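To start, the structure itself, in structure tokens.
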2 protein chains.
Amino acid sequence: MAPRLPVPDLPVANHDDVDSMLSRKFGKEVANYFSGSPLNRVSFLRTDHTFLSAALNHSTTSFLLFNKLNPLTKDPTQLAFATFSDVKPLIGSDPYQQDEKEIVKAYNSSAFTPQLIFLGLDDRNKEGLVYKDAYRGAPFFALDVTPQKHIVAEAEKVIEKVTKDTGFTFAEGRMNLSLHAQEAAIYAEARHMLDWNSRNPFCAQCGQPTLSTNAGWKRSCPPTDSANLPGGATSTTPETPRERASCATRQGISNLSFPRTDPTVIMAVVSADGERILLGRGGKWPKYWYSTLAGFLEPAESVEEAVRREVWEESGIHVGRVVIHSTQPWPYPANLMIGAVGQAIPDGENIHLGNDAELEDAKWFTLEEVREALRVGTSGLGEDAGPGYKEGDLRLPPSTAIAHQLLKGVVHGGFLAGVVDRPSI
Amino acid sequence: MAPRLPVPDLPVANHDDVDSMLSRKFGKEVANYFSGSPLNRVSFLRTDHTFLSAALNHSTTSFLLFNKLNPLTKDPTQLAFATFSDVKPLIGSDPYQQDEKEIVKAYNSSAFTPQLIFLGLDDRNKEGLVYKDAYRGAPFFALDVTPQKHIVAEAEKVIEKVTKDTGFTFAEGRMNLSLHAQEAAIYAEARHMLDWNSRNPFCAQCGQPTLSTNAGWKRSCPPTDSANLPGGATSTTPETPRERASCATRQGISNLSFPRTDPTVIMAVVSADGERILLGRGGKWPKYWYSTLAGFLEPAESVEEAVRREVWEESGIHVGRVVIHSTQPWPYPANLMIGAVGQAIPDGENIHLGNDAELEDAKWFTLEEVREALRVGTSGLGEDAGPGYKEGDLRLPPSTAIAHQLLKGVVHGGFLAGVVDRPSI
């Protein structure tokens, strides 16, 4: 049997569909928006240039294009994809022709190639690439077509080709996107990876320029440079590239070379008696809008410790028990949201905003207020609340936010409903 | 009431103590080794130079010294701490005298100051610092005393002072450390932070040198430089510092400026019938030694997706349901281990090591084999198994490893014992 990831075979649909399908297949797993990707990343093939060449130029291959981190879309709910022939003028006929060692050896810091990322194989497509009789599916890539450096003219041509007469546009700003769940997951992977590459053109260890390798999943610090550097070059031919200063990332493996994901805790805090929920609000949010507290996990903290620290720092509340609920990738720019439910300790429920000045307000709400807000008061930050919402009542984030899922977990059937009521093996 | 983190008031003890104390106080929370810090980080005070000055020079202040990332210890189970007067020759009488804006403005890339980190306040010490009548405890700092650059002589003097006639040594290598649980958590915070600073002397966004700020918790990319750079300086007086190239990290907030923690998944996988457990081994491990599979979470994956991908890539096994069990900070160099239990799907239990070549072997073990190994076959990687171990039987990691806790969770009372059997509110 060919290896196949047990990804649920979902129709492209909205968040609730993913949720219920995963529940049927995997038990009570809460699948949050931006997770649920249909792609098999086959991460071990990212260094296999024969595979990458084949994947690049297959009849089923799709390219998700980004202009300044904005994806090409058909409409706010659907991505648009380009073909290899669309992007060939920009990336050449085969950027994976050489193996990686040769590419590193030939490194030239004065060259600029648009960032290309291999995303994975969609094995739902039965016409997809078959590699080594073991890995199959339609290949997906992400490509940065932002007009910049010496690719301005070619990039603009590609942009014109994919937008002219198609109605496709580069969606500006995340508030204008409401992608169906599976495309949201593909978009999240692509955006996170393009953003990471664009933030790391230099090596934090030695300060020298880095090179994209591993099909976009690594930034290498090459030992030599074939460029004629202004004011400092000693070599003029590619045969005798300049030696660069030594760098610790070339000895062994350094996390600096690999994509960064920032673990973040986000938590619904219930009162000691389980009757109320703590919510907070930022100063720029719409009136009456609250959400769960959140913050970055710090070095050498467990998730539970990060939850207790963040809640105390932002609201003064002392949390005892913490239960992890579910997780959500969040590609703005690079977060893993770890959703938890915490319970305040009986003598620690007094709100005090004076420690950290992050929140404009924090407040205890009854379960009933939260239940009602989940029913009629949810919306995106820039949108109006739903029909039935009464001005002055609590407003909450939409179902695509893990905050919403956490609150749902708490108020419908007790906060442990989504965590504990799993059928046991 | 003064704000106080609800950290359990534990005696310095071993891992099992932390585990049972946390269980009593917080319900069935599994506290792994390296978590359970007694320190309140008061993270919002890291930019308050008045607080930092007071914390630095208090009668209860402790400095944990590191030489090449090795901590000063009394013996393998206990850290040794230095006083302000010990380190004053190296850091000066008050490195926090100026506020941060002034420090950034005065940035001079040719200066070198040893890395200093504020770790937190231990509020169990009733003689500790009291700040603004709200924050109290004995301050803890970490300091890098590695002899380097132009501090070689002063650093060597400090090292001599703290080791001569004390019997204290800088523990070499993590295999030689078996710190009591709470000191392990302090050490983990300090090591993670010192390592992060030492890996990031340059800005990955622009390639220019960075400056430690926020009491060691941030690396800033200053807009000017007062150094006389060799071959390129245009200014000679600090009054007219050289403007540096622009950098995106100075506009708004960039994650590059803040410590990095890499989320990692580690998982006990049980067979579809719940009777066996999947374990794997690396090529360099002692004979018969196995552990749970593990790997880095990638951008835009939920924890559950990362577990399924890693298990399939490393072993060919297809995992369905995934339950998060507990988390563990792991400061080698910068991981958050997210422990999970997964269940193979019925037709996905065939082991295939050919996808990713990471493991030397992967194998299904019976619950009884794992139970017996937890009883007599656990030890550190470099140690012998316990008494009662029979050559040829399974060996497993010690209780300080989350792998051990995951397996314990599975074989004692069913894998959901630690996750599901919580008293509901």
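The values are calculated or read from the model by the stated rules, or taken from the named source; none is laboratory data. Just so it is clear, the structure is predicted and the values come from calculations on it, not from any experiment. For neighbour counting, all protein chains shown are included, and Cβ atoms are generated from backbone atoms with ideal geometry for every residue, glycine included. Heads up: the accessible areas ignore ligands, DNA and RNA and are worked out on the full protein's heavy atoms, side chains in. Shrake-Rupley method; radii C 1.70, N 1.55, O 1.52, S 1.80 Å.
Structure summary
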item	result
Matching residues, the stretch B:64-82, being out of contact with any Ser or Thr (no Cβ under 7 Å at 6 or more places or on another chain) and either charged (D, E, K, R) or open to solvent by 30 Å² or more (accessible area, probe 1.4 Å) (or both)	B:69, B:70, B:74, B:75, B:78
When residues of the stretch B:221-235 are limited to those that are modelled with pLDDT of 95 or more and crowded, with 19+ Cβ neighbours inside 10 Å, the one nearest to residue A:301 (Cα to Cα)	B:221
Identity of the residue in the stretch A:253-309, part of a loop (DSSP other than H, G, I, E, B) and small (Gly, Ala, Ser), that ends up surrounded by the fewest Cβ atoms within 10 Å (Cβ to Cβ)	A:283
Enumeration of residues in the stretch B:168-215 that are assigned to a loop (DSSP other than H, G, I, E, B) and under 24 Å from residue B:112 (Cβ atoms)	B:200, B:201, B:203, B:204, B:205, B:206, B:207, B:208, B:210
Residue under evaluation residue A:134, criteria (1) under 25 Å from the mean Cα position of the chain (by Cα); (2) under 20 Å from residue A:54 (Cβ atoms); (3) open to solvent by 10 Å² or more (accessible area, probe 1.4 Å), criterion not met	(1)
In the stretch B:343-360, residue modelled with the lowest pLDDT [restricted to those that are surrounded by 14 or more Cβ atoms within 10 Å (Cβ to Cβ), assigned to a loop (DSSP other than H, G, I, E, B) and more than 8 Å from chain A (Cβ to nearest Cβ)]	B:358
Tabulated pairs, the stretch A:127-145, first touching a residue at least 24 places away in the same chain (Cβ under 8 Å), second aromatic (Phe, Trp, Tyr), C-beta under 7 angstrom, 6+ apart or interchain	A:131/A:51; A:141/A:63; A:141/A:118; A:142/A:66; A:143/A:63; A:144/A:66; A:145/A:66
Sole residue being of a type in the set (Ser, Thr, Tyr) and assigned by TED's automatic domain parsing to the domain that holds residue B:210, chosen from B:291, B:246, B:302, B:271	B:246
Any hit, the stretch B:16-26, residues being surrounded by fewer than 17 Cβ atoms within 10 Å (Cβ to Cβ) and modelled with pLDDT of 95 or more	no
Scope the stretch B:141-152; condition touching an Asp or Glu at 6+ places or on another chain (Cβ under 8 Å) and open to solvent by 20 Å² or more (accessible area, probe 1.4 Å); matching residues	B:147
Test: residue in the stretch A:236-249 that is within 9 Å of chain B (Cβ to nearest Cβ) and at pLDDT 95 or above	yes
The stretch A:332-342 - residue that is within 8 Å of chain B (Cβ to nearest Cβ) and either open to solvent by less than 10 Å² (accessible area, probe 1.4 Å) or within 22 Å of residue B:42 (Cα to Cα) (or both) and, of those, nearest to the chain's Cα centre (by Cα)	A:334
Every residue from the stretch B:361-401 that is open to solvent by 30 Å² or more (accessible area, probe 1.4 Å), within 20 Å of residue B:341 (Cβ to Cβ) and assigned to a loop (DSSP other than H, G, I, E, B)	B:398, B:399, B:400
Options B:104, B:158: the member that is surrounded by 14 or more Cβ atoms within 10 Å (Cβ to Cβ), hydrophobic (A, V, I, L, M, F, W, C) and touching a helix residue (DSSP H, G or I) at 6+ places or on another chain (Cβ under 6 Å)	B:158
Residue match in the stretch A:319-331 (condition: assigned to a loop (DSSP other than H, G, I, E, B) and facing another protein chain (nearest Cβ under 10 Å))	yes
